[in-house]
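Below: one structure, written as structure tokens.
The values are calculated or read from the model by the stated rules, or taken from the named source; none is laboratory data. The structure displayed is predicted, hence computed values, not measured ones. Neighbour counts are summed over all protein chains in view; Cβ atoms, including those assigned to glycine, are modelled from backbone coordinates with ideal geometry. Note: accessible area is taken over every heavy atom of the protein model, side chains too, but ligands, DNA and RNA are not part of it. Shrake-Rupley method; radii C 1.70, N 1.55, O 1.52, S 1.80 Å.
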Amino acid sequence: MPVLDDVLAARMNTLEQAALRRRVVVTDREEAPYVMRGGKRLISFSCNDYLGLSKHPKLVEAACAATQQYGVGGGASRLVTGNHPLYEALESALAAYKGTEAACVFGSGYLANIGTITALMNKGDLILADKLSHSCIVDAAQLSGATFKRFAHNDLGHLDILLQTYRQSYERCLIVTETVFSMDGDIAPLEGIMALAKKHSAWVMSDDAHGLGLVTSSPVDIQMGTLSKAAGVYGGYVCGSQTLVDYLKNSARSLIYTTSLPPGVIASSVTALEVMQAEPERGEKALANVQLFTQRLGFPSAQSAIVPLVLGDAARALEASRQLEKEGFLVSAIRPPTVPANTARLRFAFSALHESAEIERLTEVIRRDGWLQNTDTERLDAAS
Ligand SMILES: *Cc1c(COP(=O)(O)O)cnc(C)c1O
């Protein structure tokens, strides 16, 4: 038997050679949108805390109060004794927010996708997902045992062809996409997808991880999302019919066989939804900030709080990220396999807490250091 560490060290070396090795870096987010890294204060354009809610005093207060009252842990699975009264409040608030009959809260967005897709789909069924779907959608589809195919990004024509070719050979069909794509910031043509689903008798599921609180999207059969991004807290959810939710609570293994969320986390999420509704200007500010960025760089107008700058090569993306860090900006390089080969990029995420002057300085540094050269066409290619 080869020595475990030797095998792993060789694999890590391969990653290092390809500029694909990842490191977790200690990052203190004491005062959003600033972070501290290695003793240096940076302004972050890499957090998904789009509305700045992770530091909101009301959310922090809700977490403290619930923790004082109920303790730090959930104690058991929701199906045993972990179904805290706060879950009821959160699920009805989510259903009201999304305009659905019911909602089901999971431990995280990852767990929501894994549990939902595997509960709905089996061997003999067909899952069609957008090519740029998040890894947890891919993992879930593979785990379900259904036949899994991907359609070209946002390409209704290709989706129609796949449905025409394969639909009739399978019992049930689920089409999965993201409302706002996590690494590209563009938006799925949900109306068109729903029309195709109707024509070919398929169900539609959308992942709204990056849309909640920022971009409203058409209601589909299964509306999944996370409380870990714009809501600023932690946890995942699925909104839909009461029947769907009842079924998930009976069948989603990532809900049944895991401990419930800590009470403080659930309480903060309830408050997050209240603040999101009471202060819509937060979402508006985040979107105004991203518009300022795209306008200053001459990019097409942003559709969400996310803008990619595709640089192609992983080493080039790392270098750009390092250069920006020297200027006081935290903009993480996103490399394969998170994004397709040769589309390594900087991913800029905008928040309600950024200020115009900082965004303007960021765009000046990007122009000055030449990161726009040979990127615009690649950026458009990657998006198409
Ligand atoms: C972040 C993300 C998830 C996972 O959500 P978590 O709550 O962080 O587990 C799922 N889907 C998409 C598109 C995401 O970006």
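Structure values in brief
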{"item": "Residues (assigned to a loop (DSSP other than H, G, I, E, B) and more than 25 Å from the chain's Cα centre (by Cα)) located in the range 166-215", "result": "Tyr170, Glu171, Arg172, Ser201"}
{"item": "Residue within the range 322-329 that is assigned to a loop (DSSP other than H, G, I, E, B), closer than 21 Å to Arg37 by Cβ and of a type in the set (Phe, Trp, Tyr) present", "result": "no"}
{"item": "Any pair with Cβ under 8 angstrom, 6 or more apart, that starts in the range 340-352 at a residue that is in a strand (DSSP E or B) and ends at one that is open to solvent by 20 Å² or more (accessible area, probe 1.4 Å) and acidic (Asp, Glu)", "result": "Ala344/Asp313"}
{"item": "Single residue of Gly328, Gly370 found to be at pLDDT 95 or above and on the phi > 0 side of the Ramachandran plot", "result": "Gly328"}
{"item": "Within the range 196-222, tally of residues that are more than 20 Å from Ala288 (Cα to Cα) and among the polar types (S, T, N, Q)", "result": "3"}
{"item": "Qualifying positions in the range 163-189 - without any contact (Cβ under 8 Å) to a residue 40 or more places away in the chain and in contact with an Asp or Glu (Cβ under 8 Å, 6 or more places away or on another chain)", "result": "Thr179"}
{"item": "Among residues of the range 106-131, those that are open to solvent by 40 Å² or more (accessible area, probe 1.4 Å) and of a type in the set (A, V, I, L, M, F, W, C), counted", "result": "1"}
{"item": "Residue list for the range 165-214, filter: on the phi > 0 side of the Ramachandran plot and within 13 Å of the ligand (Cβ to nearest atom)", "result": "Gly185"}
{"item": "When residues of the range 230-286 are limited to those that are part of a loop (DSSP other than H, G, I, E, B) and more than 16 Å from the ligand (Cβ to nearest atom), the one most open to solvent (accessible area, probe 1.4 Å)", "result": "Tyr257"}
{"item": "Flag if Glu319 is of a type in the set (Asp, Glu) and within 18 Å of Cys47 (Cα to Cα)", "result": "no"}
{"item": "Residue in the range 120-134 that is within 11 Å of the ligand (Cβ to nearest atom), of a type in the set (Gly, Ala, Ser), out of contact with any Asp or Glu (no Cβ under 8 Å at 6 or more places or on another chain) and within 25 Å of Ala202 (Cα to Cα) present", "result": "no"}
{"item": "Qualifying residue in the range 67-90 (condition: within 16 Å of the ligand (Cβ to nearest atom), under 26 Å from the mean Cα position of the chain (by Cα) and open to solvent by less than 80 Å² (accessible area, probe 1.4 Å))", "result": "yes"}
